[in-house]
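Undergrad: I have a structure I would like to understand better, so I am pasting it below and will then ask my questions one at a time.
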Amino acid sequence: MPTKASVTPLAERVLDAETRVSQRLADGNELCVEWRGDFENNEINALHAVCFEHPISDYDWAAKLDRFSLGWTCARQSEKLVGFVNVAWDGGVHAFILDTMVDPSLQRHGVARRLITLAIDGSRQAGCDWLHVDFEASLRPFYLESCGFRPTDAGVLPLK
Ligand SMILES: CC(C)(COP(=O)(O)OP(=O)(O)OC[C@H]1O[C@@H](n2cnc3c(N)ncnc32)[C@H](O)[C@@H]1OP(=O)(O)O)[C@@H](O)C(=O)NCCC(=O)NCCS
């Protein structure tokens with residue numbers, strides 16, 4: 001007989017966790033990085049378009065993140081959203097890095113590393129045991145060397 005799912009305390013801890021870090025970058029500008037920070041859909045749509053080189057969409061990020069994410073990290077410089085990462089969740093102990101992006105004008109200043117660091121902290125604080133990510137080979141130095149992920153075997157199957 002299937003066992004009834006018990007209510008996990010994870011969800012409460014997830015919603016409680018908020019972290020904000022301000023740091024000065026090498027260029028002297030202040031960067032504010034925040035776990036579960038506020039955002040407008042149009043900010044993420046504009047950043048996604050410039051980072052992944054496609055036209056701006058009107059995707060409802062707030063609805064998606066609210067329903068499917070453990071959290072996310074926003075990076076702002078002078079209030080402008082310059083970086084973002086989404087942490088999807090299986091509802092248990094597995095979290096998944098998606099949509100890592102940094103405005104091209106600020107790339108290679110350590111912004112994404114800071115985004116991921118906060119995502120790691122937030123996932124750990126929420127009680128997750130594993131944080132997964134997959135990426136193109138060119139980003140191995142970023143995820144493996146700079147962010148500390150271990151290489152592993154994984155698979156992906158295109159469904160379209
Ligand atoms: C990938 C991306 C998020 C990295 O952001 P970033 O802020 O430039 O990364 P960081 O400055 O924190 O990088 C830290 C280190 O990781 C490595 N790294 C970062 N980007 C790299 C790249 N494109 N290729 C190889 N190594 C890279 C470098 O060692 C870098 O240190 P260095 O600049 O002193 O050499 C950014 O290039 C981006 O938004 N790209 C377009 C969207 C994308 O492809 N996202 C990845 C989805 S999996």
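Undergrad: Which order do the peptides 57-68, 73-84 come out in when sorted by mean C-beta neighbours inside 10 angstrom, highest first?
TA: Values: 57-68: 13.0, 73-84: 20.0.
My ranking of the peptides, most packed first, is 73-84, 57-68.
Undergrad: Through the Karplus equation 6.51 cos²θ - 1.76 cosθ + 1.60, θ set to phi - 60°, convert the phi angles of the stretch 134-144 into ³J(HN,Hα) values in whole Hz; use x for Gly and Pro.
TA: Per-residue couplings from phi come out as 10, 6, 6, 3, 5, 9, 3, x, 5, 6, 7 Hz.
Undergrad: Antiparallel versus total DSSP beta bridges in the stretch 67-151: what percent is that, nearest 5?
TA: Details: 14 of 17 bridges.
Roughly 80 percent of the DSSP beta bridges within the stretch 67-151 come out antiparallel.
Undergrad: Length gain on complete extension for the stretch F135 to N42, per 0.36 nm per residue less the alpha carbon to alpha carbon distance? All intermediate terms of the calculation are to be shown ahead of the outcome.
TA: On the way: separation 93, 0.36 × 93 = 33.48 nm, distance 2.52 nm.
Separation in residues times 0.36 nm, less the Cα-Cα distance, equals 31.0 nm.
Undergrad: Just how large is the dipole of the chain about the Cα centre, in debye to the nearest 20, putting +1 at every Lys and Arg Cβ and -1 at every Asp and Glu Cβ?
TA: Numbers: 16 positive and 23 negative charges, 76 e Å.
So the dipole magnitude of the chain works out to roughly 360 debye.
Undergrad: Any idea which of I44, L81, L98 is furthest toward the positive side of the dipole for the chain, if Lys and Arg beta-carbons carry +1 and Asp and Glu beta-carbons -1?
TA: My answer, from the dipole projection, is L98.
Undergrad: Here's another thing I want to ask about it. Using a 7 Å offset from the Cα along the Cα-to-Cβ direction at both E53 and Q125, what is the distance between the two label points in nm, to one decimal?
TA: Using points 7 Å along Cα→Cβ, the separation is 3.6 nm.
Undergrad: I need the peptides 151-157, 47-53 ranked by packing, meaning the mean over residues of other C-beta atoms within 10 angstrom, with the highest value on top.
TA: Details: 151-157: 6.1, 47-53: 14.7.
In decreasing order of mean packing, 151-157, 47-53 become 47-53, 151-157.
Undergrad: May I pose another question? Name the helices (complete DSSP H segments) of the chain with a Cα length along the long axis of 18 Å or more and a Kyte-Doolittle mean of at least 0.0, or state none.
TA: On the way: long enough: 111-125 (21 Å, 0.13).
Length and hydropathy pass: 111-125.
Undergrad: Could you work out [θ]222 nm for the chain from helices alone, using -39500 (n - 2.57) per DSSP H run of at least four and dividing by all its residues? Round to the nearest 500 deg cm²/dmol. Before the final figure, lay out each step's value.
TA: On the way: 4 runs with 42 residues, N = 160.
Theoretical 222 nm ellipticity from helices: -8000 deg cm²/dmol.
We did not get these values from a lab; they are worked out from the coordinates using the rules stated. Quick caveat: nothing in here was measured; it's all calculated off a predicted structure. With ideal geometry, Cβ positions are generated from the backbone for all residues, glycine too; neighbour counts draw on all protein chains shown.
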